[in-house]
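FYI, it's all coordinate maths here, none of it is from the lab. This is a predicted model, so every value here is computed, not measured. Counting neighbours? That spans all protein chains shown, and the Cβs are built from the backbone with ideal geometry, glycine included.
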Amino acid sequence: MTTLTSSGVWAALQALARTERDIQLRERFVSDTARFAHFSLQEEGLLLDYSKQRVSTEVMDALRALWQVAHVPRQIAAMWSGEPINHTEGRAVLHIALRHQGEAAIRVAGQDVMPDVRRVLAKMRSFCADVHGGHWRGATGQAIRRVVNIGIGGSDLGPRMAAQALSAFRQTGIEVEFVANLDAADLATVLARCTPDDTLFIIASKTFTTQETMQNAHSARQWLVAALGEAAVARHFVAVSTNHAAVSAFGINPDNTFEFWDWVGGRFSLWSAIGLPLALAVGMDHFEQLLAGAYAMDQHFFSAPVERNLPATLALLEVWNTNFLGAQSRALLPYSQSLGLLPRYLQQLEMESNGKQVDRAGNALQCDSSPVLWGEPGTNGQHAFYQQIHQGGRVIPCEFLAVIEPDYALPGHHEKLLAHCFAQSEALMRGKTLAEAQAELGIAVSPAPTCEKAGSLAPYKVFPGNQPSTTLLLPKLTPYTLGQLLALYEHKVFVLGALWNINSFDQWGVEYGKQLASRLLPILEGRTPAEGLDSSTAGLIAAVQSIRV
Ligand code: F6P
């Protein structure tokens with residue numbers, strides 16, 4: 001099979017990169033005054049402006065040709081039909097079933113999964129109604145006022161991020177907290193705000209074996225039992241998991257367990273019962289609007305031609321920036337405080353999915369895969385790291401996210417926020433030449449500067465520009481548009497995996513550290529001798545032990 005990197009299209013893109021690389025974005029806007037119209041897409045209220053990317057029509061056409069060369073449509077069909085495309089774990093990948101609104105069956109190994117999906121959604125709805133209505137009571141008869149979700153990775157980041165994103169839709173009378181870190185500071189500081197009588201713990205773990213979650217769950221259980229006794233566990237703990245035996249062994253009633261399935265990857269699980277803390281935070285109606293938004297994006301992804309396809313366009317731009325313009329990272333810059341946790345959520349989605357070095361056949365990849373994703377909400381980031389994006393000399397593609405209508409309205413804020421967002425992408429695109437810097441400083445370019453101080457400042461005020469960026473505008477941050485947005489990124493990840501021919505759905509890279517940690521724990525605890533360790537690890541352990549004894 002011809003790999004993508006040995007295809008003619010890839011070679012054509014390499015040639016284009018050599019010629020296009022030095023064309024300044026500001027020149028492109030001068031030569032094509034309708035560039036925005038030519039390089040932007042609209043879909044159900046979302047606006048994707050990629051006119052400030054370093055692409056031409058020719059580049060986009062060549063990138064779009066990769067779609068067929070890599071057989072992306074065939075790979076989409078394989079996902080949709082429940083084939084075990086996560087081949088290293090022998091699993092189907094069907095998070096799309098979790099938000100499916102149509103009548104059609106979705107099958108895994110011949111079995112329609114939709115009845116189970118709907119049953120668990122109905123169970124979530126009834127549970128939320130019980131908690132919100134004060135019918136679900138703690139062991140001492142108190143209604144639940146605080147929910148603590150204990151989980152990590154995909155069992156934490158999605159509902160945590162979405163609960164913050166949708167805080168304007170929050171259900172009154174209930175606080176939802178999240179604990180993930182093994183560091184006791186995480187759980188202890190949350191417990192300090194809780195009272196046992198009205199607190200409910202959700203233990204969220206696909207495997208129910210993850211050390212961080214199990215340690216936090218056991219500590220939370222001890223805290224509750226110390227206050228209310230063993231029998232209280234049944235009224236204060238529920239679980240979300242695929243591992244029913246381990247949940248029962250922990251002491252959680254199977255009736256209070258919300259199941260999901262091995263065809264839901266952790267980082268794609270927000271749409272499953274892993275979303276329970278979110279549903280409790282914003283109400284089940286809003287949770288279902290989130291699913292509806294994601295479903296709308298699914299429909300768009302499956303049906304839109306590549307040139308109008310939002311996830312495909314984002315993925316192809318990432319290939320261009322990463323594999324042809326040499327970008328090593330991408331900055332995600334939400335101009336929305338509510339989307340402040342989105343960079344963290346997308347770090348897992350993108351980097352755990354596509355931070356890979358071998359292809360689906362186990363051969364070394366012939367090109368870079370996922371860039372490092374990082375970011376912070378604007379305008380905070382402007383006062384921290386934007387200096388480097390503007391003048392640090394590296395290609396750092398930026399993705400600006402903004403909402404047209406604010407979710408919290410205070411006079412005077414939102415227009416300023418948008419002005420900053422648009423100004424940043426304009427500055428990155430346009431740059432500032434030496435002559436412009438000199439003119440700004442009031443220096444005649446020739447003859448020599450009349451003011452020495454101003455003249456010496458000019459080089460510092462030069463901006464190279466030509467930094468690629470995309471701006472994604474949402475009409476408003478609602479459960480529906482958040483669903484659209486998250487599904488957009490999920491499908492972008494899928495397309496990139498299909499193009500790079502990697503399995504986006506396993507995560508073997510996180511296993512090695514876990515293995516080594518379980519070898520080091522008994523040594524740190526002094527139960528086994530420190531043998532066979534490198535001098536650094538041995539030295540660090542010795543330093544801890546010398547202070548503890
Ligand atoms: O980090 C590895 C990982 O397996 C993630 O993919 C997953 O989201 C996380 O651990 C938590 O796993 P679990 O839900 O099984 O506790």
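In table form, for the structure just shown:
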{"read-out": "Set of lysines near residue 461 by C-alpha distance (under 21 Å), chain-local residues within fewer than 8 positions excluded", "value": "432, 453"}
{"read-out": "Segment 329-463: C-alpha gyration tensor shape, a/c 1.5 cut-off, then a/b vs b/c", "value": "oblate"}
{"read-out": "Loop-located chymotrypsin sites (Phe, Trp or Tyr not before Pro) in segment 1-65, at most 16 other Cβ atoms within 10 Å (DSSP)", "value": "none"}
{"read-out": "Cα gyration tensor category, rounded, prolate or oblate, for segment 242-288 with a/c compared to 1.5", "value": "oblate"}
{"read-out": "Computed log₁₀ I(q)/I(0) - Debye formula, equal Cα scatterers, no solvent, segment 103-289, q 0.09, 0.15 Å⁻¹", "value": "-0.29, -0.83"}
{"read-out": "Charge-dipole axis of segment 120-193 as Lys and Arg at +1 and Asp and Glu at -1 on Cβ define it, positive-most pick from 181, 155, 128", "value": "128"}
{"read-out": "Segment 336-379 - charge dipole about Cα centre, Lys and Arg +1 at Cβ, Asp and Glu -1, debye rounded to 20", "value": "80"}
{"read-out": "Sites residue 460 and residue 409 - FRET efficiency at Förster radius 25 Å, r taken between beta-carbons, to 0.05", "value": "0.05"}
{"read-out": "Amide N proximity, segment 376-390 versus residue 26 label position 7 Å along Cα-to-Cβ, cut-off under 17 Å", "value": "390"}
{"read-out": "Separation of alpha-carbon centers, segment 508-549 and segment 394-415, rounded to whole Å", "value": "45"}
{"read-out": "Share, in percent, of DSSP beta bridges within the chain that are antiparallel, nearest 5", "value": "30"}
{"read-out": "Too-long pairs where the Cα-Cα distance tops 21 Å, listed order kept, from 52/492; 416/492; 492/514; 123/206", "value": "416/492; 492/514"}
{"read-out": "Alpha-carbon centroids, segment 312-365 and segment 51-126: separation in whole Å", "value": "18"}
{"read-out": "Cα-based shape type of segment 274-390, given that a ≥ b ≥ c are square roots of the gyration tensor eigenvalues and the cut on a/c is 1.5", "value": "oblate"}
{"read-out": "For segment 133-217, share of DSSP beta bridges that run antiparallel, in % to the nearest 5", "value": "10"}
{"read-out": "Low-density loop cleavage sites - GluC sites (Glu not before Pro) in segment 446-546, where at most 16 other Cβ are within 10 Å (DSSP)", "value": "525, 531"}
{"read-out": "Cα centre as origin, Lys/Arg/Asp/Glu Cβ charges: the chain dipole, Debye", "value": "340"}
{"read-out": "Structure-based [θ]222 nm, the chain - -39500 (n - 2.57) summed over DSSP H runs of at least 4, per residue, nearest 500", "value": "-13000 deg cm²/dmol"}
